[in-house]
1. Pairs needed: first member in the stretch 29-56, basic (K, R); second member anywhere, surrounded by 13 or more Cβ atoms within 10 Å (Cβ to Cβ); C-beta distance under 9 Å; at least 6 residues apart or different chains.
2. Could you please find all residues in the stretch 1-11 being surrounded by 13 or more Cβ atoms within 10 Å (Cβ to Cβ) and either part of a strand (DSSP E or B) or over 14 Å from the mean Cα position of the chain (by Cα) (or both)?
3. May I ask you to list the residues in the stretch 27-52 that are more than 28 Å from I76 (Cα to Cα) and assigned to a strand (DSSP E or B)?
4. For the stretch 12-22, how many residues meet the condition of being part of a strand (DSSP E or B) and either under 8 Å from the mean Cα position of the chain (by Cα) or at positive phi (or both)?
5. Among the residues of the stretch 53-87, what is the count of those that are in a loop (DSSP other than H, G, I, E, B) and not hydrophobic (A, V, I, L, M, F, W, C)?
Amino acid sequence: LGIYGNTVIIDHGLGLFSFYAHLSAIDVEEGDPVEKGDPIGRSGMTGLAGGDHLHFGIFLGKQFVNPVEWWDPGWIQDNILGKANLP
């Protein structure tokens, strides 16, 4: 992904994706299942980066959303799961 260097994107379903970039190493392969706490890579400075760090993002569809909102389980329930048209 160009300026982001080594990148992992996790598809969480319902159009929700998490994005991890500038990794020095990637510990998963495309299609691998991942669980909470599984290592997916190591922070680094690949791509256009001025030092070691993790670039983290959340996307809903193709729209970037503020990741701080996704750290609150109540917000997820109220704004996403509670409004989803699930069978």
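1. R42/L23; R42/S24; R42/I26; R42/D27
2. G5, V8, I9, I10
3. At the first step, the residues of the stretch 27-52 found to be more than 28 Å from I76 (Cα to Cα) are 44-52.
Within the stretch 27-52, G44 is the sole residue that qualifies.
4. Matching residues across the stretch 12-22 total 5.
5. 8
Condition check ((1) more than 12 Å from G5 (Cα to Cα); (2) touching a Phe, Trp or Tyr at 6+ places or on another chain (Cβ under 7 Å)) across all residues:
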site: L23; (1), (2): no, no
site: E29; (1), (2): yes, no
site: P33; (1), (2): yes, no
site: K36; (1), (2): yes, no
site: P39; (1), (2): yes, no
site: R42; (1), (2): yes, no
site: T46; (1), (2): no, no
site: G51; (1), (2): yes, no
site: L54; (1), (2): no, yes
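Read-outs: derived from the displayed coordinates by stated rules, not from any lab. Not measured: the values here are computed from a predicted model. With ideal geometry, Cβ positions are generated from the backbone for all residues, glycine too; neighbour counts draw on all protein chains shown.
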